[in-house]
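What follows is a single structure, written as C-alpha cells, with notes after it.
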Amino acid sequence: LRERSFELGAMGTVHEALIAAGALPHPDVPGGEDAQAWVGRTDWLFTAWIKIDRAALESKRVDLALERIDTVADVLVNGIRVGCVADEFLPARWAVKAFLREGLNEIEIRVRGPVSAVEALERSRGARPVNGDWTPFSFLRKSACNFGWDWGPKVPTVGIGAARIEAWSGARIQHVRPLVTACDARVATLEVHIETERAGGTPIDISVQVDAPDGRIWHADTTVDEGGHAVVRVAIEHPLRWWPRGQGEQMLHAVRVVAREGDAVLDVADRRIGLRTVALETTKDDWGTSFVVRVNDRPIWCRGANWIPISLFPRSAVACDYDAMIGLAVEANSTMLRVWGGGIDEADAFYDACDRAGVLVWQDFAFACATYPEEAPYPELIEAEARHQVARLSCHPSVVLWCGGNEDILAWWSWGWQERLRSEQTWGRHYWLDLLPRVVAELDPTRPYWPESPYAGSMDRHPNDPDHGDRHTWDAKLEQYRAIVPRFCSEFGHQSPPTLGTLRQVLSEAECELGSLELAHRQRAWGGDRFQYTPLLTERFPPLRDRDEWIFAAQLLQARAYAIAIEWMRSNAPRCMGALYWQFNDVWRGHSWSVLDVARRPKPSFFSVRRACATQCLAIVPTEHGMDAVVCRAAHEAGSERSGSVRLRLVATSGEVLRDEELVPVSSSEWVARVSIPASFLTPRDPTRAMLVADFAELRATHWFVHDLAIAYERPEFRVTADGNDAYRLASSTVVRDLCCCTDLLGGATTLRPLEGMLTVLPGEATRIAFTGGALPSAEEVLACIRCANSMGR
C-alpha cells in the first residue's frame, strides 16, 4: 500500500520511561508526586536513528509522521529543523525527503518542559483566571488535568506517540468521514467524505465498499477533485440500524476506502460505522427549554457518568483496558459517558468499545474551567485540532453530541472572572460560540453541537438555569438534590475515599490512618476533609470508632447521594431527561467522586448507581403533599414493560410488619408510573424504630424517617452458607441496611469483587452474594468482609 513505512516505535512519556528504569517513583506512591515535579520543568531530547534505503528515497514523498507530541517541541532531521509544534491534540507530519540520506538518519525531538513553557506564556501574555491554584494551563493546548485537579495529582507529562517514516507516491488518505445524513427503517443515506493529500497531478480514483452484517455489499466509485476531496453517496435499503444499548442491536457496517492511480493501489482506509440518526431536542415547553437526546428519532433517557483519563499516563493504555472499563460502565447500567473537556482526546479503542456496547458518548472539546486567549496562534491551533478530532470521530455511531467545553462560560458568569479580566483580554467565547460550531456544521452536520456544559441555550441566561439546557448540580448534597429539577444534569457528585484495600497497596498502615499527612496530601478538594466529610458524617452517624468505619461511612453517603439524585431526576421525566454523575473512573489513590477507584474496585456507590440506572428502578420520593412510590422506566428498552402492583410495608427495626398494602401505580408518562403513599405509612408512632419498604417485582426501595444517628437499629444477625461454585447465600434474622461485601479487605492484590452491594434485607429473607475475578473466599472470609449501616458506631 504505502511504498515504504519505517516504524520508530511508540515512545510514551518521560515519566513512564524513568519509572520503568527505576529512576523515578510512581506519582501514586508516598512522595512520588513531589519526586517527579522537576520533570515538567525540564527540557527533554528524544533521539532515534533510522536506516533509509534508496527505494524509499525514490518515492515522490517521504514524511515524518507522529501520532502526537506532548507538547511544545522542535523537530529536527539530521540536524535541520523541519517543524515545531505546540498542541498535544494534533498529529504532526512533515515532508522530509530533502533532509534524508541513504543509510543512517538521525531524528531529534526537542521538547520544552510544559510547566516552564506555560509559565513563560503567562508572563508574556498576561495572567488570566483558571480554576484552582494550578499551573495556568489555558496557555497550552494540552490536557488541563495534567497540571492538577481536585481529584488528581500534578503530573504534567512530556512525550511522543507512535512515530514513523512514510515513503509514498500518488496520494494518501488523510481522513474518511462517513456521515449518515438520513436513516429510517426504509432507507439510509450514507455520505463518505474522503480527504487526500496528493504528490503529483495524476488523477486519483476512489472506490468505497460498504459491508452490512447480513452479508449485503454496496460499491461506489468517484475521483478526487483538485482540492484532494472526494465524496460518494450510498443508499442502503432496509438498513440494519445501530441502537443505544437496551434499545436494539448495535449493528456495525464495514467501510473500506481505496485510493488508486490506474491499477495501482495507493492507500486503503477501513472504518466501522453504525447507521443511525441523532438529534438534540431543545424546544420551548411548559417548563422552559428541553434537552433531549434522540437516536433514530427516539427520545433517550441518558443515564451514566463523566469519564476522565483512564490513567495518569493514558498514552500507554491498551485496547483491552478500554474494553474492560466500558464493560464495567455497562455493568453499572450506563447508557451514556461524557468525555470531559479537561482530559485527553481518548484513544480510538475507547470509541470502538462504546460502539460495540451501545454506550452513547457526549464528547467535549478540550476546554475546562479556564479563560482562554483568542489571539494568534491559538485560533489556528484550535481550529486545526477541532477539524482533526471531528474527522477522526465522525465514523463512530456512539458519539452523539459535540460540546464546546466544560464550565468556562459558567466560570465567566459566576466565579468573578468577568471582574478579574482586563477590558482588553479575551476569554474564549469566540471558540464556543463561533469557531467550534462552524467546524462541526461544516464537517459533521449529522450530530448536534452544544456550546458548553453547563449552558442554558443563550448567553442572556445563567448557564446553570435549571429550566433550560443542561445543568451542573454542585450546589446541593444528598436530599437537597430534590429541591432542583434540571432539564438534564450533566454533572453532580459526592466525594469519598478509595477502598481501604486499594490504599494499602501503596501506603503503610500508619499512612492509611485518619489524620496522616499522606492521606491529607491526597485530598485535593476545596475545604478538605472538614468540608467534604465532617459535617455530614457528624450529622448522620453516631461517633465512628475507627478508620475502617470512617471510610465505609463516607462511602455510604456517596452511595446514598447518587441514588437520591438519579432516582429524583428519573422520577421527574420527561422534564428531566438525563443524569451523568461525576465521575466513573479514577487515576490515583486519592479522595475523589468516582464509583470505581484506581484499582477498579467498586465502591458502594457503584451498586447504588447500578440500581438507580437500571432499565426499571423503584424510588420513594417526596411530593408536595407527601411521598410517592415511583417506578422509573427507560422507555423502549428491553425489560421496561414489567407491570404489577407495588407492595408497601411499614416495618419496625425489629422486623415486625406494622402495616402492609398493595397498590397499583398509574403511568404519568412513558417514563414514570407512580402511586401515592397513604399517610398512615408516613407517620409511624416511633420514627426512630421504623422504615418504609416498597417492593415492585424484584425491585426494592426504602425510606428511613431519621438519620442513622437516631435510628434504633437492631444489631445485625445473619448466617452465610455456600450457594454454588461462585456465591454464598446470606440469610438474615434482623433488618440489615446497606449491606456490602468489601472484598478489598481480604488483603494482597486480590481482584475478587462482589456482584451485589447496598442491599437491604428484612428478617426471614435471604440474598445471594456472587463473586467474580478470583477464587471463591471461605464463608469466614465473607463474614469478615461484610459491612452494613446497622453496625456503624455500634
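Taking all protein chains as present, what is the carbon and sulfur share of the accessible area of segment 150-198, in % to the nearest whole number, probe 1.4 Å?
43 percent
For segment 400-453, run through the trypsin sites (Lys or Arg not before Pro) and keep only the ones in DSSP coil with at most 16 other Cβ atoms within 10 Å of their Cβ.
Loop-located and lightly packed - 422.
Within the chain, what is the number of lysine pairs with alpha carbons under 27 Å apart, leaving out pairs fewer than eight places apart on the same chain?
Lysine pairs meeting both conditions in the chain amount to 6.
Can you tell which of 519, 189, 643 lies farthest toward the positive end of the dipole of the chain, using +1 and -1 charges on the Cβ of basic and acidic side chains (Lys, Arg; Asp, Glu)?
643
Taking only protein heavy atoms into account and a 1.4 Å probe, give the accessible area per residue of segment 405-556 in Å².
40 Å²
For segment 229-371, report the accessible area per residue in Å² (1.4 Å probe, heavy atoms, rounded to an integer).
That works out to 32 Å² for each residue.
Can you give the direction-averaged projected area of the convex hull of the alpha-carbon atoms in segment 132-250, in nm²?
With every direction weighted equally, the projected area is 13.1 nm².
Taking only the alpha-carbon atoms of segment 377-497, what semi-axes of the equivalent ellipsoid follow from 5 times the gyration tensor eigenvalues under a square root, in whole Å, largest first?
In descending order, the three semi-axes are 27, 21, 13 Å.
Rounded to a whole number, what % of the accessible area of segment 342-424 do carbon and sulfur atoms account for, probe 1.4 Å?
52 percent
As a check on your grasp of the helix formula, calculate [θ] at 222 nm for the chain: sum -39500 (n - 2.57) over DSSP H runs of n ≥ 4, divide by the residue count, round to the nearest 500.
Taking each H run of at least 4 residues, the total per residue is -5500 deg cm²/dmol.
Over all Cα pairs of segment 317-426, how is the pair count split among 5 Å bins, expressed in % and running from 0 up to the last occupied bin?
The distribution over segment 317-426 is 2, 11, 18, 19, 16, 12, 9, 7, 4, 1, given as percents.
Net charge within 9 Å of residue 306 by Cβ-Cβ distance, Lys/Arg positive one each and Asp/Glu negative one each, not counting residue 306 itself?
That sum, taken over residues with Cβ under 9 Å, equals 0.
Which of the GluC sites (Glu not before Pro) found in segment 495-572 are in a DSSP loop and have at most 14 neighbouring Cβ atoms, other than their own, within 10 Å?
513
State, in angstrom, two size descriptors of segment 207-304 derived from its alpha carbons: Rg to one decimal place and Dmax to the nearest whole number.
According to the Cα coordinates of segment 207-304, Rg and Dmax are 18.4, 62 Å.
On average, how much accessible surface per residue is there in segment 13-120, in Å², for a 1.4 Å probe, leaving out ligands, DNA and RNA?
43 Å²
What is the local net charge at residue 104, summed over the other residues whose Cβ is closer than 14 Å to its Cβ (Lys, Arg +1; Asp, Glu -1)?
Net local charge, residue 104 excluded: -1.
Roughly speaking, what is the centre-to-centre gap between segment 157-217 and segment 625-646 when only Cα atoms are used, to the nearest Å?
Centre-to-centre distance over Cα atoms comes out at 45 Å.
For segment 450-536, what log10 I(q)/I(0) values come out of the Debye formula at q = 0.18, 0.20, 0.24 1/Å, with one point per alpha carbon and no solvent?
-0.83, -0.91, -1.11
Check each of the trypsin sites (Lys or Arg not before Pro) in segment 637-669 and keep only those in coil by DSSP with at most 14 other C-beta atoms within 10 angstrom; list them in order.
642
Mind ranking 37-50, 395-408 by how tightly packed they are, going by the mean number of other C-beta atoms within 10 angstrom, highest first?
395-408, 37-50
Sum up the charges of everything whose Cβ sits under 13 Å from the Cβ of residue 711, counting Lys and Arg as +1 and Asp and Glu as -1, but leave residue 711 out.
Neighbourhood net charge equals +1.
Can you give the Rg to Rh ratio for segment 578-702, taking only C-alpha atoms and Rh from Kirkwood?
Looking at segment 578-702, the ratio lands at 1.05.
Given an 8 Å cut-off on Cα distances and at least 6 residues of separation, report the relative contact order of segment 557-668 as a percent.
18 percent.
Over all pairs of distinct alpha carbons, what does the Kirkwood formula give as the hydrodynamic radius of segment 46-136, in Å?
The answer is 15.1 Å.
The values are calculated or read from the model by the stated rules, or taken from the named source; none is laboratory data. Please read all numbers here as calculations on a predicted model, not as lab measurements. Here Cβ is always computed from backbone atoms with ideal geometry, including for glycine, and neighbour counts include all displayed protein chains. Remember, those area values only see protein heavy atoms, side chains included, never the ligands or the DNA or RNA. Shrake-Rupley method; radii C 1.70, N 1.55, O 1.52, S 1.80 Å.
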